[in-house]
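Heads up: the structure comes next, in structure tokens.
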Amino acid sequence: MATKTKATLDRRAVINKILEKRGDALVVTGLGSSCYDVGAAGDHANNFYLWGGMGAAAMMGLGLALAQPTRQVLVITGDGEMLMGLGALATIGTQGPRNLSIIVIDNELYSETGMQPTHTARGVDLAAMAKAAQFPRSATITTDAQLKSWVPQLYAPAGAAFVAIKVNAARYPMAIRLRDGAHIKNRFREALLGNAAFD
Ligand SMILES: Cc1ncc(C[n+]2csc(CCOP(=O)(O)OP(=O)(O)O)c2C)c(N)n1
Ligand SMILES: [Mg+2]
């Protein structure tokens, strides 16, 4: 078994950095920790919180990116959630959206359910998988300097981007009050489509 990568980045600092200049980007979160982190960075009508749905975040991001080609779509999810929906990488790679960035907050753990190690703790390389699935841009990020140079790229509609950001094992309290899935969906649709969403 490969030893755990020495990860020093803090997940909330990483997400704050990514979202501080989000503009009109649409953000889909994975479940659990990434959902809370995005909420903690500031609730926003352009956030779609997946809550308990596991394995669907990247696919939701693809659907949105194809439906809204003039908007940048960010998926912010966990390594466990991404591992559950790996086929999404192949579909995104072959669909080739210009405006989709998949951001995996990789703590090498299923932290939400008790800190069990995921496959990335045993050396599975998600960024390499995205590259092999024909993402034109992919990287593993381990330092602040790398993160800083990647943030603008995540907002550039220059082809699908994938980053696995290695973060430490810190856990934070749930920081989001919105739990009603129908409300989250309706709010997101209305912010995106206006009243037409309900015609
Ligand atoms: C289909 C399904 N299986 C299992 C779970 C239970 N579950 C909730 S969160 C989670 C772990 C998520 O791990 P990861 O995406 O890496 O998130 P983090 O480590 O950031 O908490 C699991 C297994 C679930 N919600 N849905
Ligand atoms: Mg994890």
Index of the failed condition, residue 108 passing every other in (1) within 16 Å of the chain's Cα centre (by Cα); (2) on the phi < 0 side of the Ramachandran plot: (2)
Among residues of segment 9-59, those that are free of Cβ contacts under 8 Å to residues at least 24 places away in the same chain, of a type outside the set (A, V, I, L, M, F, W, C) and over 24 Å from residue 69 (Cα atoms), counted: 3
Residue 197, sole failed condition from (1) modelled with pLDDT under 95; (2) within 14 Å of ligand 1 (Cβ to nearest atom); (3) touching a helix residue (DSSP H, G or I) at 6+ places or on another chain (Cβ under 7 Å): (2)
Filter result (within 15 Å of ligand 2 (Cβ to nearest atom) and touching a residue at least 12 places away in the same chain (Cβ under 8 Å)) within segment 114-124: 115, 117, 118, 119, 120, 121, 122, 124
Hits in segment 18-45 - residues which are within 16 Å of ligand 2 (Cβ to nearest atom) and farther than 16 Å from residue 59 by Cβ: 32, 33, 35, 36, 37, 38
Elements of type helices (runs of 4 or more DSSP H) in segment 21-128, at least 1 residues being β-branched (Val, Ile, Thr) and surrounded by fewer than 20 Cβ atoms within 10 Å (Cβ to Cβ): 87-95
Subset of segment 89-113 [near ligand 2 (Cβ under 10 Å from one of its atoms) and in contact with a strand residue (DSSP E or B) (Cβ under 7 Å, 6 or more places away or on another chain)]: 104, 105, 106, 107, 108, 109, 110
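The values are calculated or read from the model by the stated rules, or taken from the named source; none is laboratory data. Just so it is clear, the model here is predicted, and its values are computed rather than measured. Here the Cβ is made from the backbone with ideal geometry for all residues, glycine too, and neighbour counts use every protein chain on show.
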